[in-house]
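*Asks:* The structure that follows is given in the form of structure tokens.
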Amino acid sequence: MQTPPTYFEKSQYIETLNGNKVSKSSILCGIMNIRLHGKTIIKPGVIVRGDLATVNIGRLSIVSENTVIRPSSKKFKGSIVYFPQNIGDHVFIGEGCVISAASIGSQVYIGKNCIISKRCILKDCCIIEDGTILPPDTVVPPFTYYSGVPGVYKEDLPDCTDVFQKDYTTSLYESFLPNIPKPSTSGSPIKPVTIS
Amino acid sequence: MYSQRLENTYQFNKNLTNHDIIKYSCNCGKSYHLTELYYCISCLKTNCKFCITEDIDCYYCPNCLEHISSAEASLNGNRCKKCFECPMCFNVLTYSASTNANGVETFFLNCTFCKWNSINSGEKEFRFDSHSIKAKNEESEAYIQLNKVLEIVNKESAELSSLKDKKTLTRIKIAQAMKQFLGQQSKHQKHSQRKNFLKSDEQRWINSSVPEPLPDNNLLPKITPGSSLLTNANIKKGLTPITTEDSDKMQQDRVQSRIFNKIESTLPTNENNTLFDDAETKDQYDDDLDLDQLNKIEDADEISTLAQRLHQIPTQSKSLKKLEPHHRPLLTRRSKRCKRCDRLLIKPDVNPGKTEFKRQHFAYSYLPRIHISKINWIDNDLFEMFLVFNNPLHSHLFMNFPMEIKGSMISLDDNAQLVDLYQNETFIGGLLDETDDMEKEAHIQQLKNLEDARYFIDRKDNRLKLRFIGKVGVENSVFDNNGQDEVTHLIIHLPDQLLLNTDENTINEKKFNSKFENIKFTICLEFSTKSLTLNNNNNSSSNIASTTPKDENDNTPLGSSGTLQPPSESASQKTLLKILFDIPSKNFTNTQL
């Protein structure tokens, strides 16, 4: 089945020249350090902690509602050092995740309510199932499916995952359209989360 | 041949419910989601997981992502030398160092998830150099037992290979399979063994170019081309099963090689079997029966789970304290070949961190991708469906919907069928507008003019939206020929008065009841990058191969793919594709729920 397009209120989103769509109810801390490479959607309630370290998010990536993106840290000579965080192209991050990975490759799918702990490295083309908790320093190799608490290798992915994921995120971006044609399809507004 | 809907292989496809709706049939009749299929460009057919052969290209550790040679992998039992797995939660362990009061630094393994560490666990210090672990494993009971069985199997296969009649060949195969399963060999051995395995069945049609439609099954009688399956000679030749006597003898040999521990002298033992009587009384081998020890356990948390025990093959300890970390098992990169013509379908990069392929023939990037944009009832038992066809290729794709095919038009457990579809040839544009020759251009224009608005809804770039009308219930003629279970013709009985919406977006207020919970039907489709009807002689060579010229030098060490050229007639350049739909009735826009 083709996914029906989702519509958003135009006044609630900021659209940049290179196609980024950032919700006004998302919280981007340290906006100077956050770089979106274009055609990225940031949904309401997302927190990006750019004040800790630089955050790079690649093209055609989608960050869903209420996810926290927070650069990872390490104690080094008594003080805490934050590492810059890189998220690749065609990455889908589900709702309610906490992402503190050191780097996330391209064509990665992260399900709902996942916790990607400090200094994890997610390589290209991998899938993290809904509700997975990846312990610190985990490496997820390409073409693998990780799930469980703690997240462990479950099985391989089909070889065409990268093509599929590219197609998937592109279609999600293209079906994320401004303005609401019918009042019935409007989604319920999501409460923004505030940092305590 | 009937096509059959099968459960998707990968968890990733099982979780996405949408991936059960549309399945593509492989040539062998099994159908899966598009992402699980491959497409062989020399046979122009799809390959499912049963129609490919796999070879391990490289081993790598999933944690340190280090490429490990097959010799080294088999030496370490397909495990990484450096990385350890937590015995409790199977997470990767990290190395930590601690300094005690005397200033002596000790290194230990530490789990960042469940806080297990190698200092507090067990009575004595865990030594994590690979040598001591290996020695410990080799001392263990299970390892000795395994080695004894392996020895017997080796002996058996050596004995058998000296005999060369039909019956022993089957036994050799089983023995070799056991050997391959139990022990590790070098890559070279494996390759030659694979060749031997394949000789009787696969090699035959590599040379004869008769495609084998069914995946290889040793239990099925083999047909030599040009002869019938049901001649007496063939029945005799084909079925040489090993008797129970044979298998019992093989079994017995293996049993005798092992020494079973006496469980309990008070328990009734098998007195007929004199073999066990002379065995000395030893410690209990199976501690399931050790009730005394089990009763001593006060805290149930001290007992290991089944998963934890299965990760500890040498000890299989029931106590958590005795669990030890193990080296992390390796993962592999595998290349895949077509079973029909042995052409490489997938050749991965040997660098474990990379995701590019040296050779990639996914069905996903060759076959038209299909989505259902909308499906709704227009009458009782009649539905209309809007399908979006996406062309993943850079060149134009020509396709038609045949009314008659060799094989079956419907699939197993279909409960509906199409009654109205566009019968002419049509096309989908490529990703890039490559207008390479005038003749093709003219032909496309011609096809465009013929288009009927009844079927054609929308055409844009590389996508095409078509309307189909289907009917619940399969035509009676299917049930007439009970013996001949193949429906090769599509029968169209479309009611004369039919209200068709000209606009897709008009909402039909009327609700209909659905007879079935899921509506299942099949669409047959033929496609080619060359026009299916147009006969242009001057560029008969510009077929699919021209779009991917690099595949010409695809010849691999096995080499036999070179002899198998795609058929020269343009008529056979097309691929027949069966698309199996299984649509839950709740997905229809106007079903009475």
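*Asks:* Based on alpha-carbon centroids, what's the gap between region A:1-58 and region B:320-362 in Å, whole number please?
*Replies:* Comparing the Cα centres of region A:1-58 and region B:320-362, I get a distance of 36 Å.
*Asks:* Now a separate question. Before we go on, tell me the buried accessible area for the A/B pair, both chains summed, 1.4 Å probe, in Å² to the nearest 100.
*Replies:* 3300
*Asks:* A further question on this structure: Please go through the residue pairs B:23/B:511; A:166/B:465; B:30/B:530; A:154/B:23; B:82/B:321; B:471/B:586 and name each one whose alpha carbons sit more than 20 Å apart in this structure.
*Replies:* As for pairs spanning more than 20 Å Cα to Cα, those are B:23/B:511; A:166/B:465; B:30/B:530; A:154/B:23; B:82/B:321.
*Asks:* Between region B:391-417 and region A:121-154, how many Å separate their Cα centres?
*Replies:* 38
*Asks:* When only C-alpha pairs under 8 Å and at least 6 residues apart count, what is the relative contact order of region A:6-178, in percent?
*Replies:* Relative CO of region A:6-178 lands at 15 percent.
*Asks:* Sticking with this one: If the elastic network links every pair of Cα atoms under 10 Å, which of A:138, A:67, A:16 fluctuates the most in the Gaussian network model of chain A?
*Replies:* A:16
*Asks:* At residue B:72 and residue B:301, where each label point lies 7 Å from the Cα along Cα→Cβ, what is the point-to-point distance in nanometres?
*Replies:* 4.0
*Asks:* Near the amide H of residue A:45, under 5 Å away, which other amide H atoms are found, from residues 5 or more places off or on another chain, if H is placed in the peptide plane?
*Replies:* Sorted by chain and number, the residues that satisfy this are A:25, A:26, A:27, A:66, A:193.
*Asks:* Follow-up question, since we're still on this one. Name the longest site-free stretch of chain A, where the excluded sites are trypsin sites (Lys or Arg not before Pro) in a DSSP loop with no more than 14 other beta-carbon atoms within 10 Å.
*Replies:* My reading of the result: A:78-196 is the longest stretch.
*Asks:* In whole Hz, with x marking every Gly and Pro, tabulate ³J(HN,Hα) for region B:4-17 from phi via Karplus 6.51 cos²θ - 1.76 cosθ + 1.60, θ = phi - 60°.
*Replies:* Running phi through 6.51 cos²θ - 1.76 cosθ + 1.60 with θ = phi - 60° gives 9, 7, 10, 5, 4, 6, 8, 3, 4, 7, 6, 6, 8, 5 Hz.
*Asks:* Rounded, prolate or oblate: which fits region A:6-178, taking a ≥ b ≥ c as square roots of the Cα gyration tensor eigenvalues, rounded meaning a/c under 1.5, else prolate when a/b beats b/c?
*Replies:* Judged from the Cα gyration tensor, region A:6-178 comes out oblate (a/c at least 1.5, b/c at or above a/b).
*Asks:* Of the candidates A:113, A:179, A:20, which one comes out as most mobile in a Gaussian network treatment of chain A with C-alpha springs shorter than 10 Å?
*Replies:* The residue that fluctuates most here is A:179.
*Asks:* Over the whole of B:353-366, what's the average partner chain Cβ count within 10 Å per residue? Rounded to a whole number, please. Let's see the in-between values first.
*Replies:* Working: counts 7, 3, 13, 3, 3, 0, 0, 4, 2, 7, 1, 7, 4, 0.
Averaged over the peptide's residues, the number is 4.
*Asks:* For residue B:66, enumerate residues with amide H under 5 Å from its amide H, sequence gap 5+ or separate chain, H modeled in the peptide plane.
*Replies:* Here the answer is B:61, since their amide H atoms fall under 5 Å of that of residue B:66.
*Asks:* Which percent, to the nearest 5, of DSSP beta bridges fully inside region A:6-178 are antiparallel?
*Replies:* Antiparallel: roughly 20 percent of the beta bridges in region A:6-178.
*Asks:* Here is a further query. For residue A:64, what is the net charge nearby, where nearby means another residue's Cβ is under 14 Å from its Cβ and Lys, Arg count +1, Asp, Glu -1?
*Replies:* 0
*Asks:* With label points built 7 Å along Cα→Cβ from the Cα atoms of residue B:139 and residue B:244, find their separation and express it in nm.
*Replies:* 4.5
*Asks:* Taking a probe of 1.4 Å, how large is the accessible area per residue of region A:6-178, in Å²?
*Replies:* Heavy-atom accessible area per residue stands at 39 Å².
*Asks:* Separate question: Give the carbon-plus-sulfur fraction of the accessible surface of region A:6-178 in %, rounded to a whole number; probe 1.4 Å, heavy atoms of protein chains only.
*Replies:* That share works out to 53 percent.
The values are calculated or read from the model by the stated rules, or taken from the named source; none is laboratory data. None of the values given here were measured: they were computed from a predicted structure. When we count neighbours, we look across all protein chains shown, and the Cβ atoms used for this are built from the backbone with ideal geometry, even at glycine. We work out accessible area using only protein heavy atoms, side chains counted, and drop any ligands, DNA or RNA first. Shrake-Rupley method; radii C 1.70, N 1.55, O 1.52, S 1.80 Å.
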